[in-house]
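Notes for the one structure printed next.
The values are calculated or read from the model by the stated rules, or taken from the named source; none is laboratory data. Quantities reported herein were computed from a predicted structural model and do not represent experimental measurements. Here the Cβ is made from the backbone with ideal geometry for all residues, glycine too, and neighbour counts use every protein chain on show.
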Amino acid sequence: MNLNSAVHEKGKISIAELIEKIKANPRFSEAGAIAIFMGVVRGKTKTGEKVEKLEIEAYEEKANEVLRSISEDLKKHEGIVDVQIHHFLGEFKVGEDLVYVLVAGSHRQNIFPVLIEAVERYKKEAPIFKKEYVMGKNGKIRGYWVSESGRT
């Protein structure tokens with residue numbers, strides 16, 4: 001199983017496996033903290049419509065390259081031991097996990113800014129696409145691709 005920063009089919013990895021991977025890093029003895037961002041499917045859009053489900057797709061080869069590049073770049077920050085970004089692909093119901101971002105570092109002051117930067121960068125840089133299905137006011141479900149500028 002590939003536990004490097006990448007896109008994965010839904011359900012292929014767990015947060016526990018990723019924490020163990022970080023703890024297995026030869027430099028983990030330098031760490032004093034692990035911060036985790038877990039993105040989940042929100043039940044409402046910005047405009048208040050009810051979300052029925054999401055579909056996540058990616059240009060997988062390029063997405064994997066970008067996620068690994070972001071992780072490697074962020075590992076160069078002072079006090080950072082490891083950075084992992086794992087985004088899931090497939091169909092998701094409200095509340096299901098979409099993405100895990102983990103940052104291990106020497107102190108909390110080191111890891112929180114890097115965690116935020118990792119999330120902002122993967123959203124802007126990785127070719128990962130979200131199709132949102134919402135319940136319209138007429139009771140019909142409609143789907144649409146969420147544009148980069150509309151990503152949340």
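Please tell me if Glu125 is more than 17 Å from Ile56 (Cα to Cα) and of a type in the set (Asp, Glu). For Glu125, the condition - more than 17 Å from Ile56 (Cα to Cα) and of a type in the set (Asp, Glu) - is not met. Of all the criteria given as (1) touching a residue at least 60 places away in the same chain (Cβ under 8 Å); (2) surrounded by 19 or more Cβ atoms within 10 Å (Cβ to Cβ); (3) farther than 22 Å from Tyr133 by Cα, the one not satisfied by Arg68 is (2).
If you filter the stretch 24-63 down to residues that are free of Cβ contacts under 8 Å to residues at least 12 places away in the same chain and not hydrophobic (A, V, I, L, M, F, W, C), you find that the one that is nearest to Ile128 (Cα to Cα) is Glu61. Among the residues of the stretch 13-48, those identified as in a loop (DSSP other than H, G, I, E, B) and surrounded by fewer than 16 Cβ atoms within 10 Å (Cβ to Cβ) are Ser14, Ala24, Asn25, Pro26, Arg27, Gly32, Arg42, Gly43, Thr45, Lys46, Thr47, Gly48. Evaluating Glu132 against the criteria (1) closer than 25 Å to Ile13 by Cα; (2) assigned to a strand (DSSP E or B); (3) without any contact (Cβ under 8 Å) to a residue 12 or more places away in the chain leaves one unmet condition, (3).
Inclusion of Asn4 among residues that are of a type in the set (S, T, N, Q), closer than 20 Å to Tyr122 by Cβ and either modelled with pLDDT under 95 or part of a loop (DSSP other than H, G, I, E, B) (or both) is warranted. Tell me, yes or no, whether the stretch 71-91 has at least one residue that is touching a helix residue (DSSP H, G or I) at 6+ places or on another chain (Cβ under 9 Å), loosely packed, with under 15 Cβ neighbours inside 10 Å, without any contact (Cβ under 8 Å) to a residue 12 or more places away in the chain and not hydrophobic (A, V, I, L, M, F, W, C). Looking for residues that are touching a helix residue (DSSP H, G or I) at 6+ places or on another chain (Cβ under 9 Å), loosely packed, with under 15 Cβ neighbours inside 10 Å, without any contact (Cβ under 8 Å) to a residue 12 or more places away in the chain and not hydrophobic (A, V, I, L, M, F, W, C), one finds at least one in the stretch 71-91, hence yes.
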